[in-house]
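Some notes on the structure that comes next.
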């Protein structure tokens, strides 16, 4: 019997102390390692608590979306350009976002963020190579004149 007890391996892993489970647990009894009195001894403090009554928490200080549009998507629609505005280009030229900015049809920053789409209003008189999104009817008009739409 004595031989068996001496050959058993040692258990070096200690189990974690379980707080508030009586004196025998090593962290039990009166205050269970939380000190005496005060807010932290009674409950957990919320994550966003800032420490005073007068100062609002971070979430409350952030701006809110107000009004009718608060449930609308933040994705905005592309800038609309009418077909007749493309007559400002020289015949045979490429219609790109940068070219529209140079001519002055659109501003660079909103066009870069939202994109551009050409819709069907008016007539096109020049043969152009269009490299921006267009509606189906505009595509048909451009190709009828002899222009080209590349998507």
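The numbers here are math on the coordinates, done by the rules we state, and not lab data. This one's a predicted model, so the numbers in the text were calculated from it and none came from an experiment. Note: ideal-geometry Cβ built from the backbone for every residue, glycine included; neighbour counts use all protein chains shown.
The table below gives the values:
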{"item": "Candidate set: region 108-144, residues that are surrounded by 14 or more Cβ atoms within 10 Å (Cβ to Cβ), in contact (Cβ under 8 Å) with a residue 12 or more places away in the chain and in a helix (DSSP H, G or I); chosen: the one nearest to the chain's Cα centre (by Cα)", "result": "114"}
{"item": "For residue 151: the one exception among (1) in contact (Cβ under 8 Å) with a residue 24 or more places away in the chain; (2) in a loop (DSSP other than H, G, I, E, B)", "result": "(1)"}
{"item": "Yes/no for residue 53 being in contact (Cβ under 8 Å) with a residue 12 or more places away in the chain and surrounded by fewer than 10 Cβ atoms within 10 Å (Cβ to Cβ)", "result": "no"}
